[in-house]
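Computed from the coordinates by the stated procedures, all read-outs in this text should not be read as laboratory data. Quantities reported herein were computed from a predicted structural model and do not represent experimental measurements. Cβ coordinates were reconstructed from backbone atoms using ideal geometry, including for glycine residues, and neighbour counts include every protein chain displayed.
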Amino acid sequence: MKYIFFDENEYLVDQLIEDFQKAEHRLKTIERRNIDEGIDIPAINELRYAASHIISTLKNSASLGGEDLIKTQKEAIRRAIRHTQRASYDAIESGILSQLYAIKSIQDDYKDIMISEVIKDWIEILGMAQKINNEIQEINITSEKEESSKKEENYELIYQKYMELDEHTKKFGIYRDELNKYLNQKKTAETRASQIRFITFTISGTALLIGLIQLIIKIIEKL
């Protein structure tokens, strides 16, 4: 049985291959950088849907022919392209959410210390995260009105910013070790300060008591 793509649809097949490879590359890259998070199911599903459309249209091409089939195949390829593009976008958004979660986790876990004392570019990281979050939200609001090429251009920019932010967030494991040391030192210093205050208070109280006793003795002696 021979499966074919019609010549009239060759340009769409070329775009499908390009978009599929791009989606696969982005997904693998983000998976490696978020290995603890596991695979991104929505993006995987989008690629599966794309493959389903292609398999279906190839099966039809083996048994049917004519102008109608060419149009049917063209629409199936276009649907597959949309799914591969959506896979790319889902992978990028998943990566960004993982980064934002990692940043929020650092903020919550070390809220009692100055994080910037350990992570020197912490303020820059927060600024980058806020900007990329705002931009992804803006894309989600306007993407339905945009052409496919413009949407891909926007997501490519977001992907590059994701990679830039990743240069910082991938060091969080090392930073946590240093932050834990800093936090323990702070707690130790606070404990010592508390002990010193207690001892000082105790000594002061003892001195006051001794002074009071001496005063009472003097009064008794005068009687």
Stokes-Einstein, Kirkwood over Cα pairs, region 7-170, 20 °C, 1.002 mPa s; D in µm²/s equals 121
By average C-beta atoms within 10 angstrom, highest first, the peptides 104-114, 126-136
126-136, 104-114
Taking a virtual spin label 7 Å from the Cα of residue 130 along the C-beta vector, which residues in region 82-112 bring their backbone nitrogen under 16 Å of it?
100, 103-104, 107
Distance check, please: which entries in 28/74; 104/151; 22/151 exceed 23 angstrom between their Cα atoms?
28/74; 104/151
